[in-house]
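To keep things clear, I will list the structure first and then write my remarks on it.
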Amino acid sequence: MRAVVQRVSQASVEVDGSTVGAIGPGLMVLLGISQDDGPKQAAWLAGKIAGLRIFPDAQDKLNLSVSDTGGQVLVVSQFTLWGDCAKGRRPSFVRAAGGETAEPLYLAFVDELKKLGLTVATGAFGAMMEVSLVNSGPVTLLVDTEKAF
C-alpha cells in the first residue's frame, strides 16, 4: 500500500456535485493498493499513519499525532499511486490492484483507523471525485508498506 499523507486544516470530497466526505483539522490520506497487499499491510499502514508525529506541540515542535490532537482523517482511494512512469509517456498501472481486491482492503484500512479511535470520512471508492484540501504547513509525506515488509 502507498499513501500520500497531508496535514490539513480542512478537506472534502465531492461526487457529482455532492459532498460525500469532509473533515476539519487532521489528515488527508490518498491510498493506493497494489496486487501484493493484504490485511497485514492495511493494519500496519493505519497504525503508522495514526501515530505519525506531524502536528505541533506547545513548543511548536512536531511531536503530536492525529490521535493526540483529536484530528480527523479523510481517506480517498487513489489507484494512480501505483502508476509506473519509467517508460514512455503513459503510466502503467499493472501493479495496482483491481477493484474487487482493492475495495475490501480500502475498507479494512478505514476500519483499522476507526479501531484506533480516529474519526474517519471517506470518498466514494471507484468514483470520479473532486478533492479539495487546505494543506497545513505544508506537511506532505509518502508512506509505503513495501519498505516495511
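The table below gives the values:
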quantity: Residue match in segment 42-49 (condition: more than 16 Å from the chain's Cα centre (by Cα) and at pLDDT 95 or above); calculated: no
quantity: Of residues in segment 118-143 being in a loop (DSSP other than H, G, I, E, B) and touching a residue at least 60 places away in the same chain (Cβ under 8 Å), the one surrounded by the most Cβ atoms within 10 Å (Cβ to Cβ); calculated: GLY123
quantity: Cross-chain or 6+ apart pairs with Cβ under 6 Å, segment 41-54 first and under 16 Å from LEU27 (Cβ atoms), then in a helix (DSSP H, G or I) and hydroxyl-bearing (Ser, Thr, Tyr); calculated: LEU45/THR145; ALA50/SER67
quantity: Residue within segment 106-118 that is in contact with a Phe, Trp or Tyr (Cβ under 8 Å, 6 or more places away or on another chain) and more than 22 Å from VAL20 (Cα to Cα) present; calculated: no
quantity: Out of PHE109, PHE149, sole residue that is touching a residue at least 24 places away in the same chain (Cβ under 8 Å), loosely packed, with under 13 Cβ neighbours inside 10 Å and either of a type in the set (Val, Ile, Thr) or on the phi < 0 side of the Ramachandran plot (or both); calculated: PHE149
quantity: Residue check, ASP84 buried (at least 20 other Cβ atoms within 10 Å of the Cβ) and either without any contact (Cβ under 8 Å) to a residue 60 or more places away in the chain or over 23 Å from MET129 (Cα atoms) (or both); calculated: no
quantity: Counted residues, segment 59-86 - those being of a type outside the set (D, E, K, R) and under 23 Å from THR119 (Cβ atoms); calculated: 16
quantity: Scope segment 23-37; condition part of a loop (DSSP other than H, G, I, E, B), of a type outside the set (D, E, K, R) and surrounded by 16 or more Cβ atoms within 10 Å (Cβ to Cβ); matching residues; calculated: PRO25, ILE33
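Results for (1) aliphatic (A, V, I, L, M); (2) without any contact (Cβ under 8 Å) to a residue 40 or more places away in the chain; (3) crowded, with 18+ Cβ neighbours inside 10 Å; (4) within 20 Å of VAL8 (Cβ to Cβ), shown as yes or no for each residue.
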| position | (1), (2), (3), (4) |
| --- | --- |
| ASP57 | no, yes, no, yes |
| VAL73 | yes, no, yes, yes |
| ARG95 | no, no, no, no |
| THR101 | no, no, no, no |
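The values are calculated or read from the model by the stated rules, or taken from the named source; none is laboratory data. Predicted model, so just to flag it, every value in this text is computed and none were measured. Backbone-built Cβ (ideal geometry, glycine too); neighbour counts: all protein chains shown.
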